[in-house]
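The values are calculated or read from the model by the stated rules, or taken from the named source; none is laboratory data. Everything numeric in this text was worked out from a predicted model, so none of it was measured. Virtual Cβ from ideal backbone geometry, glycine too; neighbours counted across all protein chains shown. Ligands, DNA and RNA are excluded from the accessible area calculation, which covers all protein heavy atoms including side chains. Shrake-Rupley method; radii C 1.70, N 1.55, O 1.52, S 1.80 Å.
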Amino acid sequence: MPENSIHNKPNKRKRSCLIAIGAILFLIFLLFIIALILALTVFKPKQPKTEIHSASVDGVAPRITFPAVRIELNITLYLTINVENQNHASFRHGEGKTLLLYQGTQVGDANLYPGNIPARGNAMLPCRLTLQADKLANDMSKLISDVMGGEIMVETKTRIPGRVTFLGFIKKHAVAISECQLTIGFPDMKVKSQDCKSKAKL
């Protein structure tokens, strides 16, 4: 066997190994770039958005009695809260909570059912808030003034904790939060206006 042929075989094997190693390294680098792009675009966690889809009032309009000044209240606020999942993955949320406030004082609360919102989907969560008159003792004069003026302003604060799951195993915790101001007119018992702000913690 020629001597040159003997020397060429190890060189060919070495060259083949280098080519194979280079191809593997290039493939790993390519996969890393693809994963990085997906992490910064498709799989980047986005904030779930919450907003009040509809609001209505039920009950009897407040009545003020004289000469002993007293106010009778029977007001229930019905809200439909829309939660929008902007992610390309499902958002599973636990039990949420909505607080009803008047002049900064909590006067009612309600729990929201847990659930699962599909990728790029949304869910409507019903919420029933009854204004608890006994908690308004310190603000009774302000409430009477508002009622006689034809409207009262209340606030709602909603907090919905959950997590976004990518590819079935990548999990990211998120909390959807919304704060709204609603103006209720009297004696028609209608929601005259609403102003909401939504944010989230990731």
**Fill in**
Averaged per residue, the 1.4 Å probe accessible area of segment 47-201, protein heavy atoms only, in Å², is roughly 54 Å²
**Asked** Under a point spin-label approximation (7 Å from Cα along Cα-to-Cβ), what is the GLN181-MET124 distance to one decimal in nm?
**Response** 2.8 nm
**Prompt:** Each residue of segment 109-122 in turn: what ³J(HN,Hα) in whole Hz from Karplus with 6.51, -1.76, 1.60 and θ = phi - 60°, glycine and Pro shown as x?
**Reply:** 7, 8, 8, 10, 5, x, x, 10, 10, x, 4, 6, x, 8
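When the accessible area of segment 47-201 is computed with all protein chains present and a 1.4 Å probe, what percentage of it is carbon and sulfur?
48 percent
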**Prompt:** Around VAL107, which amide H atoms from residues at least 5 apart in sequence, or from another chain, sit under 5 Å from its own amide H, with H modelled in the peptide plane?
**Reply:** LEU100, LEU101, TYR102
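Given the pairs LYS97/LYS172; LYS46/LYS157; LYS97/LYS190; LYS46/LYS197; LYS49/LYS190; LYS157/LYS201, which are separated by over 19 angstrom at their Cα positions?
Violating the 19 Å Cα-Cα cut-off are LYS97/LYS172; LYS46/LYS157; LYS97/LYS190; LYS49/LYS190.
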**FRET E, pair SER141, LYS49, Förster distance 30 Å, beta-carbon r, rounded to 0.05** = 0.20
**Request:** Between ASP58 and PHE29, take the C-beta separation as r, use R0 = 41 Å, and let me know the FRET efficiency to the nearest 0.05.
**Result:** 0.05
